[in-house]
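The values are calculated or read from the model by the stated rules, or taken from the named source; none is laboratory data. This structure is a prediction, so every number in the text was calculated from the model and none was measured. Virtual Cβ from ideal backbone geometry, glycine too; neighbours counted across all protein chains shown.
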Amino acid sequence: MRRRTFLGLLGAAGAGIVLGKSAHAGGNKQFEGYPESFGVLFDATRCIGCRKCEAGCNKVNELPAPDRPFDDLKVLDVKRRTNAKTYTVVNRYDNIPGAAGPVYRKFQCNHCLEPACASSCFVRAYTKTKQGGVIWDSSVCVGCRYCMIACPFDVPTFEYSEPLTPRIRKCTLCSPLITSGKLAVPGCVGACPNESLVYGKRAELIKIARERIRMFPGRYVDHIYGEREVGGTNWLYLSGVPFKAIGMREDLGTTSAPELTSGALATVPVIAVTWPVLLTGIYAVSKRREKIAREERLQAVTKVQEEAKAKLAQAKAQAEADKKATVEREVKKALEQAAKAKTTEGA
Amino acid sequence: MSTEQTAVKKTLLTPFNVVAGIIVLIGVAITFLRFTKGLAGVTNLSDNNPWGIWIGFDLLCGVALAAGGYTTSAACYVFGLKRYHSAVRPAILTAFLGYSLVVLALHYDVGRPWRLPYPFFVQPGPTSVLFEVGLCVFLYLITLFIEWTPACLEWLGYKKARNIIVNMTLALTIFGVVLSTMHQSSLGALFLIAPSKLHPLWYSTYLPLFFFVSSIAAGLSMVIFEGTLSHRYMHHKMDETYLAEHDHVTFGFAKGAALVLACYFCLKVVGITMDNNWDYLGTGFGAWFLLELLGFVALPCLLYAMAVRERNLRLIRWSAVLTVLGIVLNRFNVCLVAFNWQLPRADRYFPSWMEIAISIFIVTVGLLVFRFIASRMPIFYEHPAHKEHGLEPGHGGQAPEVKSAGHGFGH
Amino acid sequence: MKRGRLLFRWPGSLLVCAAISIICIKAYGKKEPLITPESGRPDLVTIDTLAAFGKLELPPVTFFHDKHTEVLLKEKKDCKTCHLVEEDKLSLTFKRSKATRPAEIKQIYHSNCIGCHMEMAAAGKKSGPPDGMCRSCHNAEPKVTVARLDFEVNKILHYRHVSSKNIPSKTTDKDNCNRCHHVYDKEAKKIVYVKGKEATCGYCHLEKQKDDVKSLRLASHVECVLCHLDLANKEVKEIGPYVCGGCHGKDGQALVAKKNQEVVAKLPNKEIPRLKADQPDFALITLDPKLEGAKAVKPVVMNPVAFDHKAHEKYNDSCQVCHHKNLDSCQTCHSLLGKKEGGSVRFEAAMHLRATNQSCLGCHGEKQAALSCAGCHSHMDKIRRPDDATCRQCHMPLPKTVLQGRGEIRDDVVLTPKQKSGVAEVMLKGRNMKPGVYAVEDIPEKAVIRALVDQYEPAEMPHRKIVLTLLKGMKDNQLAGYFHSEQGTICQGCHHNSPAAKKPPRCENCHGKPFDPRQPNRPGLQAAFHGECMGCHKAMKIPKPAATACTECHKEKKKEPA
Amino acid sequence: MENTFYSLQEFMLHTKSLVYILMGGMILGILGFWLYLTGRDEDKDIK
């Protein structure tokens, strides 16, 4: 599994363009998953609930020993789920209408064609291998547990009691062991005493399942669970009773995880490029309005000042005129008096 | 961080400090547990319920309530509502602290905290919504830090550095808004991938939109709310500009919040209609949903509106509180209550007391740091050294930013 | 104060709306029905006569028939209280002979029902709703549902009627068939009895009234109920039911069934005498060119099938099981290429179709679900073509005598039904109806399976015991006996996919490693073994050993001495 | 073979990587373009 730094990302993407990968991609917008990928077909009408698969899984994956031995079938009295110590469990479902006896169902990772865990992982710790298995890489996982939120089957489990190095634990379809040649088939399949589990190419398994439904009308519900659920899974199920009755959700729909988020992710770049433009625009507008306001204010001020000046000048002129007038009057008066005085001396 | 707290604590022995001290001590103790016993030791998390209140409250609510930062700065610098200027710094500071605390909280919740930078520096997973959230929060935290530094630099008296940063205000603000839009909405988008687990009433393809719009309301209300608190406890730290503008800010934001809430309400109703979830309203979850929608969206919206009309500050504050609670309730519902709604009661999640304690601890740390900074740096007042900007013709203290923005773009 | 009011008017009203909406929506939200299934009654009659004339003003009336008949009995009144008599028969409508104008009908109902109720009430007796309480009769959503079981006249019940001294023949004919069976004489435009033409009512009386042929419901009520009533009035002590519950109620049917069994118990070697429809004892199923009609195709030359009609009568409860439309021979509707009358089901399909229980193979296939058969037959896929030997077990070669020297039967060889019957009898006589099996000493007593010796001691399978148990399952089962008469057929339940032989091939020959992509449908050896054993035990509901009890078949491995 | 995508996941991984890089570039680009656009305004006060 290659690591990429953010720059590496750039490199890879760039390389992609150079290689014309995107050009090819332009050609294929329909995705059917890896054509040669393997899977497992589980047939609930054959499962006898012996828990051999659990034992087999535990053995090949070297998981810690269980609290109660695998041949203790009392365990089946309660519904269980996988946890950090177990990759798979079998549950028993009693008195189902239309069923002769109890029906058993194996629970483990379904290895989606479009894994929600992979789609949700922000460090790409999950990989969908060409062989079909969805595997997890401990070297990058941050432990955010978003994959557990995302998985529609509640598959990934977390080592909560690990203080510093908790790992995600889940079925790997034994991909590592099979690719490395340690195993021919997954541990659980190898351990199943009567081929309730069949390992093979997914395409083949679907054919087998269809054939079984055809050969034994009335034995099976006419549906292959996992053929289309959440975009298809590499683990397929056949059952004689409604899948709901054996604890499998029938309301998951056929939309795959990436499809669910692609829309939201697509808007991100839109915001990134439109917002700045929009906001700068708004800013500019508000600025402009403000400036105009300020200019108007300035004009008003100057106008007032001029008017004041004019008034002042006028007042000054007035004052001058008055002064002149008084002076003249005084002079006149003085002259008259002088004349009067002259006449009195002559008599 | 805690060292600082203890320092603060020693100096003055008010009841607040004592309580805070105790909380901090407990927090430290649990922190120790967390990193020795693992998550199992302190939380009620399980394989069915991988996310608890450390995500539901500390992350989702933390981010939503820290929205005050971008809303205020946007209002002031982008929409040119100058009179809000004095509210910007407190808002930025709270936002910055808020986000830092979110990151702090993540260190508790995440399995291997030291790997938090991995998505950006080691191996990015761009198909993940979480990657988008992480990236935005990461960048926005930096942005906020830069936006906040002027206060710090003024305090330390580095004039030049301060001015350089102030020059970039507009750019930073816009960048901040963009990032916020992205990650606020993406927090909602986180749950788009789990339609089978989230109750139909809360699940909608509009989730991102809901989260974004509600975050604006939350931000505005938070600013009002904090304003009230700081008024009570930091009054001595405030200058007359702040005090003078405070009421304008409150009324203006109240008006905004009312509008946004109205919009949010309509969107929610559209959401139900689009998915035709009416019949779910008849169920117990439906009642709960209606409570959230009517009691914590429609009601505060109306109260705001009336309070504004009647210029009633007290009512505004109460509406703010109600809104904030409403957002918290919504985030809780999406992340915890309505999530895994189909699981049998036995498998449902309820937080352990230690989880709650840690959340409280983190909030307390936030308060203490805020007080530490606000009581030293020019947050509620303008630094004397930079006062003159404030006296520029016309309008409050934003003039420097305006001019500087000018420079910033000028050449 | 004023301000406060002002403040809280809006949110107040909002909250009120919220409360109301929540409550309303809740009420709307819950959808569980008001009626519990056990509150069903067989005698619930919904009176909506006026619906025929247009929309009803009020919801139809729910009326409990038996409730009223009880009261009448108590009151020493009879059916005429409600039903008029026309041409010495009770009409099944209420208080009127022919359906008249709506207003009139309405009036009839209201005056008579309510009138009677009022009288009863006046007489101080418990009574139905009086005048003015419309809704208590016109009840939109009644608390009670109809629980009316269909009633079928089966062989034994038919026999009880035939043999009853209380139902004498109308004519000199000693058989009393004429009491019920009739046909419609087109010329005379009336129903007459024709001997030998007796058939099931359903052939003419269909679901709905057609022209003036009564609907099956009406016809049976007129014929049966009224007859029972007459007998009742004649104080005959053993009479058939005439209240709704008697035929359509659970208890009523139980009662009838019980009586039936008593009668059977009394019969000589518990055998119900055959119906007297002069049907053949044996039939030779061939294609009759005449019946192929105009476009007479040259019929396929195929060994005909000798059919033991008599035996099949014994196994089935009514003629309809095979003769679903009428009592004619199959070919009349199911011609070689199919006809419209026969739903264009070809002759071949009518005999071989497995999806239905009306064809030979279909019906025989259903029999394989029996526990004693399921062990092997649930394994066998249902789409495989049976081998020729199996075909020949029904399509037997004709005896030389019939072939008159020719090698095979030809379409120009046309035999009368009588001859056919004779031929069939000859053919069926010599048949071996016992399951064949190899001599006990040739059946290995134990089969030791060493496939898992690395984990367990070899598994010892009680081979012979198993075979004999299966054999016992077929005891006195003619069908099984005949089809397993070949030696080795029984072995093929497990030793499948290879011709029957005393020493069949070893399982390992075909079953090896699992998941061979070239043979995707073939299980590996281990799965083959487990599939056979566990599958069989599961199908035959044999609890022990449990499928998960490994050590009950594979003994714990002994520790090698160190 | 190497260059075809078999799952939508793969496809998005590729496209989204590109998009994220472009986004960064574009934001900076727009800023630059804005500066270029308003570089000659005499009145620096109005953007």
Could you please let me know if B:Asn44 is outside any helix (DSSP H, G or I) and either surrounded by 24 or more Cβ atoms within 10 Å (Cβ to Cβ) or touching a helix residue (DSSP H, G or I) at 6+ places or on another chain (Cβ under 6 Å) (or both)? no
Let me spell it out: the conditions are (1) charged (D, E, K, R); (2) modelled with pLDDT of 90 or more; (3) in contact with a helix residue (DSSP H, G or I) (Cβ under 9 Å, 6 or more places away or on another chain), and C:Glu292 meets all of them except one. Which number is the exception? (2)
Specify which of the listed residues (C:Pro514, C:Pro520, C:Pro543) is over 30 Å from A:Gly187 (Cβ atoms), without any contact (Cβ under 8 Å) to a residue 40 or more places away in the chain and not small (Gly, Ala, Ser). C:Pro543
Note: among A:Lys311, A:Lys332, just one is in a helix (DSSP H, G or I) and at pLDDT below 90, namely A:Lys332
Residue match in segment C:550-557 (condition: free of Cβ contacts under 8 Å to residues at least 60 places away in the same chain and away from chain A (no Cβ under 12 Å)): yes
Filtering segment B:42-51 down to residues that are within 7 Å of chain A (Cβ to nearest Cβ) and out of contact with any Lys or Arg (no Cβ under 6 Å at 6 or more places or on another chain), which residue is nearest to A:Lys85 (Cα to Cα)? B:Asp47
Determine the pairs where a residue that is within 7 Å of chain B (Cβ to nearest Cβ), located within segment A:238-264, has a partner that is assigned to a loop (DSSP other than H, G, I, E, B) and polar (S, T, N, Q) with Cβ atoms under 6 Å apart, the partner being 6 or more residues away or on another chain. A:Leu252/B:Ser196
Looking at (1) within 14 Å of chain B (Cβ to nearest Cβ); (2) assigned to a loop (DSSP other than H, G, I, E, B); (3) touching a helix residue (DSSP H, G or I) at 6+ places or on another chain (Cβ under 7 Å); (4) in contact (Cβ under 8 Å) with a residue 24 or more places away in the chain, which one does A:Cys147 not meet, given that it meets all the others? (2)
Just name the residue that is farthest from A:His111 (Cα to Cα) out of those in segment A:265-274 that are among the aliphatic types (A, V, I, L, M) and more than 7 Å from chain B (Cβ to nearest Cβ). A:Val273
Quick check: anything in segment C:363-386 closer than 30 Å to A:Arg212 by Cα, hydroxyl-bearing (Ser, Thr, Tyr), in a loop (DSSP other than H, G, I, E, B) and touching a Gly at 6+ places or on another chain (Cβ under 9 Å)? yes
Looking at segment A:72-88, can you tell me whether even one residue there is outside any loop (DSSP other than H, G, I, E, B), out of contact with any Pro (no Cβ under 8 Å at 6 or more places or on another chain) and within 14 Å of chain B (Cβ to nearest Cβ)? yes
Which condition number does A:Ala245 fail, the rest of (1) out of contact with any Phe, Trp or Tyr (no Cβ under 8 Å at 6 or more places or on another chain); (2) over 30 Å from B:Leu187 (Cα atoms) being met? (1)
Among residues of segment C:419-468 being of a type in the set (Gly, Ala, Ser) and within 43 Å of the chain's Cα centre (by Cα), the residue farthest from C:Ile285 (Cα to Cα) is C:Ala447
So B:Leu116, is it under 14 Å from the mean Cα position of the chain (by Cα) and within 14 Å of another protein chain (Cβ to nearest Cβ): no
Within segment B:167-212, tally of residues that are in contact with a Pro (Cβ under 8 Å, 6 or more places away or on another chain) and surrounded by fewer than 23 Cβ atoms within 10 Å (Cβ to Cβ): 4
For segment B:265-282, which residues satisfy the criterion of being buried (at least 17 other Cβ atoms within 10 Å of the Cβ) and of a type outside the set (A, V, I, L, M, F, W, C)? B:Lys268, B:Gly271, B:Asn277, B:Tyr280, B:Gly282
Looking at the structure I just gave you, is C:Ala546 at pLDDT below 90, part of a loop (DSSP other than H, G, I, E, B) and away from every other protein chain (no Cβ under 14 Å)? no
Can you tell me which residues in segment C:217-259 are outside any helix (DSSP H, G or I) and closer than 19 Å to C:Lys80 by Cα? C:Lys234, C:Glu235, C:Pro241, C:Tyr242, C:Val243
Per the filter on segment A:125-144, residues under 18 Å from A:Leu260 (Cβ atoms), facing another protein chain (nearest Cβ under 7 Å) and either without any contact (Cβ under 8 Å) to a residue 60 or more places away in the chain or under 15 Å from the mean Cα position of the chain (by Cα) (or both) are none
What number of residues in segment C:445-459 are of a type in the set (A, V, I, L, M), touching a strand residue (DSSP E or B) at 6+ places or on another chain (Cβ under 6 Å) and in a loop (DSSP other than H, G, I, E, B)? 0
Looking at B:Ala357, B:Ala262, can you tell me which residue is in a helix (DSSP H, G or I), in contact (Cβ under 8 Å) with a residue 12 or more places away in the chain, touching a Cys at 6+ places or on another chain (Cβ under 8 Å) and surrounded by fewer than 21 Cβ atoms within 10 Å (Cβ to Cβ)? B:Ala262
Within segment A:190-201, identify whether any single residue is at the interface with chain B (Cβ under 8 Å from one of its Cβ atoms), over 30 Å from C:Glu366 (Cβ atoms) and among the β-branched types (Val, Ile, Thr), and answer yes or no. no
Going through segment B:133-167 one residue at a time, which ones are within 21 Å of B:Thr72 (Cα to Cα) and within 14 Å of chain A (Cβ to nearest Cβ)? B:Cys136, B:Val137, B:Phe138, B:Leu139, B:Tyr140, B:Thr143
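Yes/no per residue for (1) in a helix (DSSP H, G or I); (2) among the aliphatic types (A, V, I, L, M):
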residue	(1), (2)
B:Phe120	yes, no
B:Pro150	yes, no
B:Leu153	yes, yes
B:Leu201	no, yes
Give the residues of segment B:265-291 that are touching a residue at least 60 places away in the same chain (Cβ under 8 Å) and part of a helix (DSSP H, G or I), sorted by residue number. B:Leu267, B:Val270, B:Gly271, B:Ile272, B:Met274, B:Asp275, B:Tyr280, B:Leu281, B:Phe285, B:Gly286, B:Phe289
Within segment B:80-97, is there a residue that is away from chain A (no Cβ under 14 Å) and either in contact with a Leu (Cβ under 6 Å, 6 or more places away or on another chain) or assigned to a loop (DSSP other than H, G, I, E, B) (or both)? yes
